[in-house]
Amino acid sequence: MLLGEGEGFVSCACGRRHWGPYGAAGLLLVDPLRGVLLQHRAVWTHHGSTWALPGGAVLPGETPADAAIRETEEETTVPSEAVRVLASCVEDHGTWCYTTVLATVRNAVEARVANGESTALHWVPPDEVEGYRLHHDFAAAWPLLREQLGRELVLVVDAANVIGARPDGWWRDRAGAVARLRDRLAVLSRVGVAAHRVGLDLERRWCWWPRVVLVTEGKARHVDEVEGVEIVAAPGEGDDTLVETVADLRSSRPRDHVVVVTADRELRRRAGEHGSAFLGPTELWRLFDESAAQTPKPQG
Ligand SMILES: [Zn+2]
């Protein structure tokens, strides 16, 4: 058998063999109306005849999320454009790692067996997953994954407070400074962020692709939205609007993780009453500096 770069088995420090010298990734895709997409693996595959997630080896130059989405499209015809990544969870063996990418569908999709790696595809309600004969690694990970299934990380950003935290001349052009902040947040929503860096009480293996709500006020409140960043322009006092936004988010989607970015103590107290976590503006700027230092990836 001829293997391409990024294919083949790894003899792992854990004593087992795994597929993918650059690691492997699988897509835990949820359709809120139908459940999660499970694949019945063909008998010839590694641990064949069990149910698991579509996915496969990570190729050189790919992120695990890229790999999980590409493999899913190849195996199930679910188009990459229909997939919205929410989070990922890494199982790191040192010499090898497996990343589960949690995602939701942007619109109704059909999944069809598209290559020889699977014999069936089912949308399975979460309560019924354990009734299937699961691949043992997926069975072991499922309880942890299920806790975060379909949940989003929402960053609610106090624009005035965050731009004020870095003296880069923002006072000369507040609207321009808010637009730059919005663009940096858009990058963060595309590249993702480690859970522990945004104040979430989760293990370090978790990473999230946040939905961002930027609360603007005063002369700098009219800023256009971009992909990944919603703008909430306060008609009056920005703090009141931010607290209302947090309360709405918590009541409409109570399972989501909501993190408010502000250094304002009184605002933290008020938002905290609705059950949000917090991140300081300095920590957010540090994340921006790090994401800017990463090699930019062409937009697809
Ligand atoms: Zn291993």
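The values are calculated or read from the model by the stated rules, or taken from the named source; none is laboratory data. What you see is a predicted model; the values in this text were computed from it and never measured. Counting neighbours? That spans all protein chains shown, and the Cβs are built from the backbone with ideal geometry, glycine included.
Figures for the structure shown
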| item | result |
| --- | --- |
| Pairs with Cβ under 7 Å, 6+ apart, first in the stretch 13-41 and closer than 19 Å to W208 by Cβ, second hydroxyl-bearing (S, T, Y) and more than 11 Å from the ligand (Cβ to nearest atom) | A25/T99; G26/T100; L27/T72; L28/T100; L29/T72; V30/T104 |
| Unique residue being assigned by TED's automatic domain parsing to the domain that holds R17, of a type in the set (D, E, K, R) and within 16 Å of the ligand (Cβ to nearest atom) when the list is D66, D137 | D137 |
| Complete set of residues in the stretch 184-204 that are within 15 Å of V101 (Cβ to Cβ) and in contact with a His (Cβ under 9 Å, 6 or more places away or on another chain) | A195 |
| Total residues in the stretch 241-293, condition in contact with a helix residue (DSSP H, G or I) (Cβ under 8 Å, 6 or more places away or on another chain), more than 26 Å from V191 (Cβ to Cβ) and in a loop (DSSP other than H, G, I, E, B) | 3 |
| Residues of the stretch 22-58 satisfying the condition of being farther than 23 Å from E110 by Cβ, aromatic (F, W, Y) and more than 15 Å from the ligand (Cβ to nearest atom) | W44 |
| Subset of the stretch 177-236 [in contact with a Lys or Arg (Cβ under 6 Å, 6 or more places away or on another chain) and among the aromatic types (F, W, Y)] | none |
| Test set (1) over 19 Å from F138 (Cα atoms); (2) touching a Pro at 6+ places or on another chain (Cβ under 7 Å) - G4 fails condition number | (2) |
| For T100: the one exception among (1) within 17 Å of F138 (Cβ to Cβ); (2) surrounded by fewer than 24 Cβ atoms within 10 Å (Cβ to Cβ); (3) within 16 Å of the ligand (Cβ to nearest atom) | (2) |
| Residue in the stretch 76-88 that is touching a residue at least 24 places away in the same chain (Cβ under 8 Å), of a type outside the set (A, V, I, L, M, F, W, C) and closer than 22 Å to R204 by Cβ present | yes |
| Unique residue being farther than 30 Å from S11 by Cβ, surrounded by fewer than 18 Cβ atoms within 10 Å (Cβ to Cβ) and of a type in the set (F, W, Y) when the list is W123, W170 | W123 |
| Residue list for the stretch 1-21, filter: within 16 Å of the ligand (Cβ to nearest atom) and touching a strand residue (DSSP E or B) at 6+ places or on another chain (Cβ under 7 Å) | F9, V10, S11, C12, R17, H18, W19, G20, P21 |
| Selected residue [hydrophobic (A, V, I, L, M, F, W, C) and either modelled with pLDDT under 90 or not in a strand (DSSP E or B) (or both)] from V10, V109, V36 | V109 |
| Pair list, Cβ under 6 Å, 6 or more apart: the stretch 94-112 residue over 15 Å from L27 (Cα atoms) and assigned by TED's automatic domain parsing to the domain that holds L144, other residue within 16 Å of the ligand (Cβ to nearest atom) and in a strand (DSSP E or B) | W96/V10; W96/H18 |
